[in-house]
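> Pasting in a structure now, in structure tokens, and then I'll have a few things to ask.
The values are calculated or read from the model by the stated rules, or taken from the named source; none is laboratory data. The model shown is predicted, which means the values in this text are computed figures rather than measured ones. Because the Cβ atoms are built from the backbone with ideal geometry, glycine has one as well, and the counts that use them run over all protein chains shown. These accessible areas exclude ligands, DNA and RNA; they are computed on the full protein's heavy atoms, side chains included. Shrake-Rupley method; radii C 1.70, N 1.55, O 1.52, S 1.80 Å.
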Amino acid sequence: MISTSQAILVETWPREQIGTATALFGLGAVVGPTVGPTIGGYITDHATRRWIFYVNIPVGALAAFCAYTFINETPKEAKGKPIDWWGIGLLAVAVGSLQTILEKGESEDWFATPYIVVLTVTAVFGVILFIWRELSTDHPIVNFSILRHRSFAVGMFTSFILGFGLYGSVFVFPVFCQNLLGFSAQQTGELLFPGGLCTIVMMPFIGKMLNKGIPAQFMATGGMFLFFVFTFMLSKSTLATGRQMC
């Protein structure tokens, strides 16, 4: 979905405004992880947990309406190409198995449970077969050949590293706060809100700097350095940290 969204941005916006479009896209991408934990924590503490899912209904309806209204239809010359259903199926099996392992492994004593072992074997063979399929078919669902471009390969690697730290701070750290430090759901959301708010505020400035021709490599390098500093500071958290973080 992310790659499709970015392709739509490139096709829709003028080339000289791609920086602004990318910044707006990033703004939307960080609003959820920023506002979500705070609103979700408030709902959990003051209402029933089911409302966490109900609040997505109007947002989803608005997103569907905007997509139907503003996204242009795919050009006819882009249609008619075969779809790599085998690749899609192998990817779904591999990722689904891996996600189940990571979510249920700890509570099921990992490889002491037979179905965890079966899913592990399925995930490994699924990934291997998926890569083989994508490298051998003429119309892959994931085109690995573009990794031959050095800039793209480096960008993918840094995004991979960024994902570790980002999801670790957004998902693992709240579990630490609630289960070990005794924070409520709302307090945990309020703890994450300032960092996301800073990202939201900076997005328009990033778009303007990109439009002015400032190399994205410089900004990405500076951002990654600050991100490393942030995650290093989080690594110093202990059970003695207490509620002073709020």
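> Within segment 130-151, work out how many residues are open to solvent by 70 Å² or more (accessible area, probe 1.4 Å), under 23 Å from residue 167 (Cβ atoms) and in a loop (DSSP other than H, G, I, E, B).
Number satisfying all stated conditions: 0.
> Could you identify the single residue in 226, 197 that is closer than 30 Å to residue 16 by Cα, assigned to a helix (DSSP H, G or I) and touching a residue at least 60 places away in the same chain (Cβ under 8 Å)?
Details: 226 fails: touching a residue at least 60 places away in the same chain (Cβ under 8 Å).
Unique residue meeting the criteria: 197.
> If you don't mind, another one. Taking into account only those residues within segment 9-65 that are touching a Pro at 6+ places or on another chain (Cβ under 8 Å) and under 15 Å from residue 206 (Cβ atoms), which is most open to solvent (accessible area, probe 1.4 Å)?
Looking only at segment 9-65, we keep the residues that are touching a Pro at 6+ places or on another chain (Cβ under 8 Å), and these are 23, 27, 37.
If we keep only those that are under 15 Å from residue 206 (Cβ atoms) as well, we get 23, 27.
Numbers: 23: 10, 27: 46 Å².
Only one residue fits best here, namely 27.
> Oh, and also: Considering only segment 162-191, state which residues are open to solvent by 60 Å² or more (accessible area, probe 1.4 Å), of a type outside the set (Phe, Trp, Tyr) and within 20 Å of the chain's Cα centre (by Cα).
162, 166, 172, 175
> A further question on this structure: Report yes if residue 211 is open to solvent by 50 Å² or more (accessible area, probe 1.4 Å) and either at pLDDT below 75 or in contact with a helix residue (DSSP H, G or I) (Cβ under 6 Å, 6 or more places away or on another chain) (or both), otherwise no. Working first, answer last.
Working: open to solvent by 50 Å² or more (accessible area, probe 1.4 Å): yes; either at pLDDT below 75 or in contact with a helix residue (DSSP H, G or I) (Cβ under 6 Å, 6 or more places away or on another chain) (or both): yes.
So residue 211 passes the test.
> State the number of residues belonging to segment 99-129 that are open to solvent by 90 Å² or more (accessible area, probe 1.4 Å), under 21 Å from residue 172 (Cβ atoms) and part of a helix (DSSP H, G or I).
Adding up the residues that qualify gives 5.
> Right, another one. List the residue pairs whose Cβ atoms are under 8 Å apart, where the first residue sits in segment 50-71 and is closer than 28 Å to residue 13 by Cα, the second is of a type outside the set (A, V, I, L, M) and surrounded by 10 or more Cβ atoms within 10 Å (Cβ to Cβ), and the two are 6 or more positions apart or on different chains.
Correct list of pairs: 71/12.
> When the residues of segment 156-194 are filtered to those that are in contact (Cβ under 8 Å) with a residue 24 or more places away in the chain, in a helix (DSSP H, G or I) and among the small types (Gly, Ala, Ser), which remaining residue is farthest from residue 230 (Cα to Cα)?
Here the answer is 185.
> Let me confirm something: among 157, 144, 130, 152, which residue is closer than 22 Å to residue 4 by Cα, touching an Asp or Glu at 6+ places or on another chain (Cβ under 7 Å) and of a type in the set (A, V, I, L, M, F, W, C)? Before the answer, list the steps.
Details: 157 fails: touching an Asp or Glu at 6+ places or on another chain (Cβ under 7 Å); 130 fails: touching an Asp or Glu at 6+ places or on another chain (Cβ under 7 Å); 152 fails: touching an Asp or Glu at 6+ places or on another chain (Cβ under 7 Å).
So the residue among 157, 144, 130, 152 that is closer than 22 Å to residue 4 by Cα, touching an Asp or Glu at 6+ places or on another chain (Cβ under 7 Å) and of a type in the set (A, V, I, L, M, F, W, C) is 144.
> Filter segment 69-98 down to the residues that are assigned to a helix (DSSP H, G or I) and exposed (fewer than 10 other Cβ atoms within 10 Å of the Cβ), then identify the one that is modelled with the highest pLDDT.
Going through segment 69-98, the residues assigned to a helix (DSSP H, G or I) turn out to be 69-70, 76-78, 85-98.
Those still in the list that are exposed (fewer than 10 other Cβ atoms within 10 Å of the Cβ) too: 69-70, 76-78, 85.
Working: 69: 83, 70: 77, 76: 59, 77: 58, 78: 52, 85: 87.
By that ranking, first place goes to 85.
> Going through 9, 62 one at a time, which residue ends up being in contact with a Ser or Thr (Cβ under 8 Å, 6 or more places away or on another chain), at pLDDT 75 or above and assigned to a helix (DSSP H, G or I)? Before you say what the answer is, go through the steps one by one.
Values: 62 fails: in contact with a Ser or Thr (Cβ under 8 Å, 6 or more places away or on another chain).
So the residue among 9, 62 that is in contact with a Ser or Thr (Cβ under 8 Å, 6 or more places away or on another chain), at pLDDT 75 or above and assigned to a helix (DSSP H, G or I) is 9.
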